[in-house]
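Worksheet: the structure to be examined is printed underneath.
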Amino acid sequence: MANQRRHIDIQKLSLYGVLITLGIVFGDLGTSPLYVMQAIVSGQREISTLLIYGSMSCIFWTLTLQTTVKYVLITLRADNKGEGGIFALFALLRRKSKIVALLTITGASALLADGVITPAITVTSSVEGLRLIRPDIPVISIVLCIFAVVFAMQKYGTNIVGGFFGPVMVIWFLMLSITGILQVRTNISVLQSLNPVWAVRFLSAFPGGFLLLGAVFLATTGAEALYSDLGHCGAKNIKASWIFVKISLLLNYLGQCAWLLKHGPADINPFYGIMPHWFLMPAIFISTAAAIIASQALITGSFTLISEAVSLDFWPKFRIENPTHLKGQVFVPRVNVFLWIACTMVVLFFRDSSRMEAAYGLSITITMIMTTIMLAYYLAQNGKTKVLITQFLIVFLLIELSFLIANLNKFSNGGWITLLLASIFFIIMYGWYFGRKLKNRYVTFSRLEKYIDVLRDLSADKSVPMTASNLVYVVKADNTREVESKVIYSIFQKQPKRADKYWFIRIHHLDNPAELSYKVTHLIPGTLTRVDFYLGFKIEPNIRLYFSKVLNDLSASGEIKLESGFDTIRKNLMPADFLFILIDRIMPHNPGMALTDKIILALHNFSRLFCISDTTAYHLDPTITIEEKVPIEIIDSEPARIKRIELTSNPVKEKRIENTSLTKAYSA
C-alpha cells in the first residue's frame, strides 16, 4: 500500500513529483547543451552573426514548436490510463489496422536504435572536458569503465541511487542557467536571436544552413521521452518541470552563442568554454553525473519499451525481471547485455563525441514522424475536425521531414549504424507480430459441448493411467465454449491423459496498461474449469503466481477441493499435484503458400531465435510443465486426388515370383 501511495503521489503535481521528473524525464533533453553548439560550429572557418543568431533562433523555435507545442501541450493528452509512449498510443487506438501496426513497429525500432548512441555521446562529451585539464587523459578508457559500472548495476535496479537523480539534475540545470547568464551579460544583444526572422534568414541565406538543421535537431532529441515517461511522472509534473528546464537550456545556449561571437572558432567545446577556469573541474564532475543519469534514463526506457512490446505481442518473449519493489521498474537481461556491447562498440568506433554528433539524430527523427501520424489517428478517433487534423499534420510533418532530410546527410558519416540497428529491430518485430497473425489464420477450434461426456468418462476411466490430479492447458480460444482442436487431440488422441480435474487458462493482453483481474467459468463442475486472466500491457505475465492465488480463492470459497487424486498423497495431507501443458504451434513448409506469407513466416522463424520458452515467460515450474510441439494443418482448397492402380493378375503369384527373384539375386 505504501508503494502504491508513493506512485500516486508522483503522478500528482508536487515539489517531490517535479524533483523526480527532472531525474527521470529530462536526462537526454537536458544534456543536449553538451554537444549541440559544438556540432553546429564544427568545421566552420568563421563564426558569423548569421550563423550564431540563425542557429540559435532555430534551436529556440524547435524547442518551442516541437517540444512545447507538440509533446507538452498535445501529445501528453493522449494518455492511456496515465501511461504514454508509442506502444501506449497503439493500445489507445481502437482500430489497429496493418498501417497503424507498421507505424508502431517503425517508431519503436528507431527509438530502440537511438538508445544505443545516446549514452555514448552524452558520457563521452562530458568526460572529454578533462582534456582541458590534461590533454593526454584516456577518455575512451574512462567512458568504457563508466559503462561497465552502469550496466553491471542494472540488475539491482535504481532504487538505491534513484533518489539522487532529481537533486543532481537540479544542480545541473542551475549550472546551465548561471553559466549562461554570466556570458549573456557580456553581450545582451544575443537575445535578439530569438526572433524567428533570423531562423528564416539562416535557412535561406547561410551556405549549408538547411543541412545544419541536422545539428539543430539534436537540441530536441529527448522530447520523445516526455511522452514515454508519462506513466512514471504524470503530465502535470512534466509540464511544470519543462518550464524550468526550457529556461535553463535557452540561457545556456544563449551563453554559448555570446561566447562564440566573442572568441570565434575554437578548438574547445563551447559548453566548457563558457565555464570559469576555477569551476572547470566541478563542471566536468556535474556534467558526467548528468550524462550518467541521461544514460540511465535511456537504458531503463529501453527495458520498459521491450517489456511493453512483449506484452502487446510485438516482440519475442524475453525474460523480464523486477529488480526492486518500485512499481513499473523492470530489468531485461538480454537487452542490458546488448546495450552494453552496442554502446561500447559505438565508443570504440567513433572515439570522439564530434564524430558521434555527425551520426546522431537520424533514427529518432523517424520515431517523431511515426508519432505524429499516429496522433492524427488518435485525434480523428476523438472527433477532431479534418481541418484541425490536416493543420496538425502539415505543421509537424513539414518540420520533421525537414529535419529528416537534413539528417540523411549524416548517413555516410555513421548514421547508417542506427538505421542498421533500427532495421534489425524492425525485422524482428515485423516477423513476430505478423507471423503470429499468419499462424492464427490456420488455428481451428472445437466446440466443447461435443466432448463434455467423453471428458467425464476419461476422468473416471481407471483403465487409463493417471497423468496428474490437475492437468492445466494454456489455451488461445476467446470463446469460453470453444478450445483449439490441438488441445482436444492432446487430451484424447496423442496419448489419453486422465486427470481428476482439467483446467483451461486463457491469457488476455489488454490495452488498459494496469489491468490485473481474472474470471472463472466452471464448464463441467468438478471436472473442467476455465480461468481467464486479464493483464494490462504493463503487467508481468507471472501465471504461476496468479494461478496460485486463484486456486487459493476458489478453495477458500469452497468451489474446489485442493486435494490429490493419489490415495497416498491425499492420505498424508500433501499438496495436490499439477501438470501444465503448453502447445507450441509449428507452421510447416507449404509450397502452395503465397510468397508474401512465406517471407513473413521466414521472418517469424528468425524472430523465434531470440524467444525464450513459454515456460520461462509465464514463470512456470519447468519440472511440472510439458511443451508439446504440434504442426499447424494447412488444408488446400482443392486437395490432390490419389489414383488407385487395379491389379491385372493374381497378386499371390506375383508376390511368389518377386520373392524368388530376390532370393536368386541375394544368392548371386
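Selection over the stretch 455-513 of residues that are open to solvent by less than 20 Å² (accessible area, probe 1.4 Å), under 37 Å from the mean Cα position of the chain (by Cα), of a type outside the set (A, V, I, L, M) and over 13 Å from T529 (Cα atoms) gives a count of 3. When A88 is tested against the conditions (1) assigned to a loop (DSSP other than H, G, I, E, B); (2) open to solvent by less than 30 Å² (accessible area, probe 1.4 Å), the lone failure is (1). The condition of being without any contact (Cβ under 8 Å) to a residue 60 or more places away in the chain and either in a loop (DSSP other than H, G, I, E, B) or open to solvent by 20 Å² or more (accessible area, probe 1.4 Å) (or both) does not hold for W340. Going through (1) open to solvent by 30 Å² or more (accessible area, probe 1.4 Å); (2) within 15 Å of I59 (Cβ to Cβ) one by one, N187 falls short only on (2). On the stretch given as the stretch 430-464, residues that are under 30 Å from F87 (Cβ atoms), aliphatic (A, V, I, L, M) and part of a loop (DSSP other than H, G, I, E, B) total 1. Screening E308 against (1) touching a Lys or Arg at 6+ places or on another chain (Cβ under 9 Å); (2) under 21 Å from A120 (Cα atoms) leaves a single unmet condition, (2). How many residues does the stretch 414-446 hold that are in contact (Cβ under 8 Å) with a residue 60 or more places away in the chain, of a type in the set (S, T, Y) and open to solvent by less than 30 Å² (accessible area, probe 1.4 Å)? Total meeting the criteria: 2. Considering every residue within the stretch 121-135, establish whether at least one is modelled with pLDDT of 90 or more, of a type in the set (A, V, I, L, M, F, W, C) and within 30 Å of I320 (Cα to Cα). Scanning the stretch 121-135 turns up at least one residue that is modelled with pLDDT of 90 or more, of a type in the set (A, V, I, L, M, F, W, C) and within 30 Å of I320 (Cα to Cα). Within the stretch 375-398, can you find the residues that are touching a residue at least 60 places away in the same chain (Cβ under 8 Å) and exposed (fewer than 15 other Cβ atoms within 10 Å of the Cβ)? Hits for the stretch 375-398 are Q381, V395.
So which helices (runs of 4 or more DSSP H) are wholly in the stretch 165-267 and hold at least 3 residues that are modelled with pLDDT of 90 or more, touching a Gly at 6+ places or on another chain (Cβ under 6 Å) and at negative phi? Please lay out each step first, then the result.
Values: elements: 196-205, 213-216, 223-228, 230-233, 235-263.
Fully inside the stretch 165-267 and qualifying: 196-205, 235-263.
For M356, the conditions (1) in a helix (DSSP H, G or I); (2) surrounded by fewer than 22 Cβ atoms within 10 Å (Cβ to Cβ); (3) of a type outside the set (G, A, S) all hold with the exception of (2). Anything in the stretch 344-402 that is among the hydroxyl-bearing types (S, T, Y) and farther than 19 Å from T106 by Cα? List them, or say none. T344, S353, S354, T385, T390, listed by residue number.
Every listed requirement among (1) open to solvent by 50 Å² or more (accessible area, probe 1.4 Å); (2) among the basic types (K, R); (3) closer than 30 Å to K96 by Cα is met by K549 save one, (3). How many residues does the stretch 525-543 hold that are over 35 Å from the mean Cα position of the chain (by Cα), surrounded by fewer than 17 Cβ atoms within 10 Å (Cβ to Cβ) and either under 26 Å from A91 (Cβ atoms) or among the aliphatic types (A, V, I, L, M) (or both)? Here the count works out to 0.
A search for C-beta distances below 8 Å between a residue of the stretch 267-285 that is hydroxyl-bearing (S, T, Y) and any residue that is open to solvent by 20 Å² or more (accessible area, probe 1.4 Å), counting only pairs 6+ apart in sequence or on different chains, returns Y272/L132. P207 satisfies every condition listed in (1) touching a helix residue (DSSP H, G or I) at 6+ places or on another chain (Cβ under 9 Å); (2) farther than 26 Å from P276 by Cα except (1).
Scanning the stretch 620-631 for residues that are surrounded by fewer than 16 Cβ atoms within 10 Å (Cβ to Cβ) and either hydroxyl-bearing (S, T, Y) or within 22 Å of the chain's Cα centre (by Cα) (or both) yields a single hit, T623. S97 meets the stated requirement of being closer than 25 Å to I539 by Cα, open to solvent by less than 50 Å² (accessible area, probe 1.4 Å) and free of Cβ contacts under 8 Å to residues at least 24 places away in the same chain. Go through (1) in contact with a helix residue (DSSP H, G or I) (Cβ under 7 Å, 6 or more places away or on another chain); (2) crowded, with 22+ Cβ neighbours inside 10 Å one by one and return the number of the condition I286 breaks. Failing condition for I286: (2). Could you please give the count of residues in the stretch 198-232 that are over 28 Å from the mean Cα position of the chain (by Cα) and either free of Cβ contacts under 8 Å to residues at least 60 places away in the same chain or open to solvent by less than 10 Å² (accessible area, probe 1.4 Å) (or both)? Going through the stretch 198-232 one residue at a time, the tally reaches 6. Pairs meeting the criteria (first residue in the stretch 611-627 and closer than 21 Å to K494 by Cα, second residue among the acidic types (D, E) and in a strand (DSSP E or B), beta carbons under 6 Å, at least 6 apart or on different chains) are E627/D584.
Looking for something touching a residue at least 12 places away in the same chain (Cβ under 8 Å), open to solvent by 20 Å² or more (accessible area, probe 1.4 Å) and polar (S, T, N, Q) - is there at least one such residue anywhere in the stretch 100-114? Within the stretch 100-114 (the criterion being touching a residue at least 12 places away in the same chain (Cβ under 8 Å), open to solvent by 20 Å² or more (accessible area, probe 1.4 Å) and polar (S, T, N, Q)), the answer is yes, since at least one residue qualifies.
Residue count for the stretch 51-82, restricted to those that are in contact with a Phe, Trp or Tyr (Cβ under 8 Å, 6 or more places away or on another chain) and of a type in the set (D, E, K, R): 1. Just one of the listed residues (I24, I59, I40) is modelled with pLDDT of 95 or more, closer than 30 Å to F349 by Cα and surrounded by 24 or more Cβ atoms within 10 Å (Cβ to Cβ), namely I59.
Given the condition of a type in the set (G, A, S), at pLDDT below 55 and in a loop (DSSP other than H, G, I, E, B), answer yes or no: does some residue in the stretch 611-628 qualify? Taking every residue of the stretch 611-628 in turn, none turns out to be of a type in the set (G, A, S), at pLDDT below 55 and in a loop (DSSP other than H, G, I, E, B).
Filtering the stretch 477-517 to residues that are of a type outside the set (V, I, T), in a loop (DSSP other than H, G, I, E, B) and farther than 20 Å from E540 by Cβ leaves A477, D478, N479, R481, Q495, P496, K497.
The values are calculated or read from the model by the stated rules, or taken from the named source; none is laboratory data. What you see is a predicted model, and the numbers here were worked out from it, not measured in a lab. Cβ: placed from backbone, ideal geometry, glycine included. Neighbour counts: every protein chain shown. Calculation scope for accessible area: heavy atoms of the full protein, side chains included, ligands and nucleic acids excluded. Shrake-Rupley method; radii C 1.70, N 1.55, O 1.52, S 1.80 Å.
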